[in-house]
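Input: a single structure, listed below in structure tokens.
The values are calculated or read from the model by the stated rules, or taken from the named source; none is laboratory data. Remember, predicted model here, so these are calculated numbers, not experimental data. The area values use the complete protein model at the heavy-atom level, side chains included, leaving out ligands, DNA and RNA. Shrake-Rupley method; radii C 1.70, N 1.55, O 1.52, S 1.80 Å.
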Amino acid sequence: VEDANSSLKAVETKRTAREIKWEEDMKRLYHSQDLLFLNKYDEAEEVMRQGMEAKKPSKGSDVRDVRSVFGMLYALLSASKGIANLSDDQLSQCHDRLVVAERLAVQGEDWVGKHGIRGLCLISMGLVELLQHSYVKGIYNIMRSWKYIRILRDDGLTYEGMEKEVVRSAALMAIGSFYILYSFLPPTASKMAAWFSGFEGDREKGLKYMYDCWKEGGICAPWGALNYVSFHVDTKTFVGERMSRKEHANVVQMLNTYSAKYPGSVLFSISESGLYACDRNIPKARELNESAASELEKLPVLKWVLTYKRGIFYWTDCDWFNAGGAFEESMNIYIQAKRRSMVPFMAAYAFLSYLESMKTQPEHTEVAKAKCKLLVDIANSYSAMNKKNWGRQDVYGFKVFKRCASALKFGKAHDKRKSSKLPGMSLLKLRGHKGTSDEEATQLPWILLYLLECMVLQVRCTWFMLPEALENLMRKVKEEMNDRAKNGCLSKGDEVRVLMCFVEMYTQMDKVSDALATADRALKMESELSKKEKSFGAIPMILYYKAKIHQERGNLHEAKSILKTLKKYGSKYELAGLIYLKLIVLSQQLGFDFEQDYVKLFASAGYKKTVTVKIPQEENKSDETNDEDDDDDDAPSIIEWAWYVEKHTVGFRAEFHPLDESKPPTIIQTIAKADTEGKFLIGEFRPGDETEGYLHLIWDNSFSRLRGKTVQYKVSPAYLKSEVQ
């Protein structure tokens, strides 16, 4: 009996020590999270770092190893801080720290929490890679995460034990995140994902997991709320969907909860400001936006978000002069941080706003004129910088200055940048390029149309405007359109672009009949458009709007029929990048496979099959010879491929052969016999400066005497020219 009592006391002491240690770790975890949401970022980061670097529990101690939890949070918070501070290499550092966090998880004991952390690390790594434009690898790692998140689904949701509040909360958030991300993958990526995950993404189920994560109040509750709110406030607006009354009530309840718990929290204030904007209460949205500004002196990128949103809110008031000031301030934040990205883009927004203010707010004319001249000088100085990988927003900014500055007598804007191309991502192009007629070349740019396109297509702030404000803006555009028609300077392309914007604005005012009538009017004008005007993509965008209207009205057959028509336009038009995600969502809602499938290739028994991809060289193009329609000749910053063999095995090799034959070829990837049946193989190549040549993707079936092999592959970016040999 005495021995039994001694053993029982030992067990109780051991269990109590384990519980005490767990409580201490959870206190630190909750404390670090509270610091984060109370805007004390440095303190939160330090607590997380200490947790990650804590001593590993000794074997047999029965103490949970939570270092990987702190490590993952430390990596993500450090990356967020780095981005917010506009630090260099923040994404690469975050990726490296996530790798460390995953290794810590591998070292830990085998329990459900370990697998959950590994899954969350892989999802985070995938998202970081997507931000680095490594799309295939990013999707691949997100899909790999399911191997571990599936354990959370099977065991974490029903977990019993002292860790339940953490395990179940993390499971709800991780599974919800995975389901939502999966539901937005393009069709071909979804097929690739199916090999790894074995299920189809369910957006509504994912959102329900996020809601439950918040409602149950576990460790991940604030993150579940932020994800839920952000989806309904931002993502739904982007894809043209409205919140239901129940969803709106949920969002309000979440924001009220954390407004009380974390007063002054920048993250929740930004989200709440977005909600009021969606409710078309711009004064309240502006008030919340400004209230957060005082907390952000040390985090310039968040300050940039607030000044950028300030400019957007001024756009909804058609207060062009103050909008110009806000966008100029946001530009200066990047200049002061000695960053080049986003400066041309913000400068262009400020430039267009100041130009329009000179017509509608004459009291500001002289100041606006001086601001425009200064912005042209800034655009020229940035264009001359030695930077080849300008983002799509900045490419658009340079085009705005090149077209408008000289035409409006603000000096000549020189586009000296190296050409840049991101896969499938091109914004608005302006008229007046090579191939334009003399009459069009001398035509003054229509500034209000450019602003309208920015408001409707890019920042989507017309969603925030009251119906009377939308009608006033449309009336002003119609007046200018009539004036330009009378003066003989209204092109058919500009007229169709106006109608494109009006279709969306009528939809936002719930004037569906007017929207459909406007769409039909524009579609009848397609035959009158020039090749250059068609390449802008207003017609495909109008077709999308029309299909979306029919889908919302329950006319599913008509919506599918329109998507079939839209599919024929391919993706070689200017607005393809802006419409792509919207099409994915609409296609999934209709059960329509919009995207082209993988290319099928057959390697006969005893033979090889080679796909040769031409990689053009980055070149400086002079103002006289720069044809902005020749983007298909731009060199990409990264080339990716994904493939699988339908049955059996096949060899594979990827090589780069420089055009300069004096340079040796580079072997990128070699696999003797790849058994990829039921799974994908991926790879990538990053061309260096002045690299021109050919990428050879070689499938080797020479070892097989009897069986031919069928391979399905895809190369990204899709615009690269290739041939099969």
Averaging sequence separations of C-alpha pairs under 8 Å and six or more residues apart, then dividing by the length of segment 516-615, give the relative contact order as a whole percent.
23 percent
For segment 203-285, what is the accessible area per residue in Å², given a 1.4 Å probe and the full set of protein chains?
40 Å²
Tell me the accessible surface of Arg475 in square angstrom (1.4 angstrom probe, heavy atoms of protein chains only), to the nearest ten.
120 Å²
Per residue, how many Å² of accessible area does segment 434-543 show with a 1.4 Å probe?
41 Å²
Using alpha-carbon positions, what is the distance between the centroids of segment 515-577 and segment 207-254, in Å?
31 Å
If the chain between Lys663 and Lys387 were fully stretched, how many nm would it gain, using 0.36 nm times the residue separation less the Cα-Cα distance?
96.9 nm
Compute the accessible area per residue over segment 336-382, keeping the other protein chains in place, probe 1.4 Å, unit Å².
43 Å²
Run the numbers for Asp234 and Leu157: contour at 0.36 nm per residue of separation, minus the present Cα-Cα distance, in nm.
24.9 nm
Round to the nearest 10 and report in Å² the accessible area of His31, as given by a 1.4 Å probe over the protein chains' heavy atoms.
90 Å²
Report ³J(HN,Hα) in whole Hz for each residue of segment 110-127, in order, from the Karplus equation J = 6.51 cos²θ - 1.76 cosθ + 1.60 where θ = phi - 60°; Gly and Pro get x.
8, 9, 4, x, 4, 5, x, 5, 4, x, 5, 4, 5, 4, 5, 4, x, 5
Surface accessible to a 1.4 Å probe, Ser662 within the full protein complex, Å²:
100 Å²
For the full complex of protein chains and a 1.4 angstrom probe, list Val724, Val167 by accessible area with the highest value first.
Val724, Val167
For Lys614, Lys137, Lys399, what's the largest-to-smallest order of accessible area, 1.4 Å probe?
Lys614, Lys137, Lys399
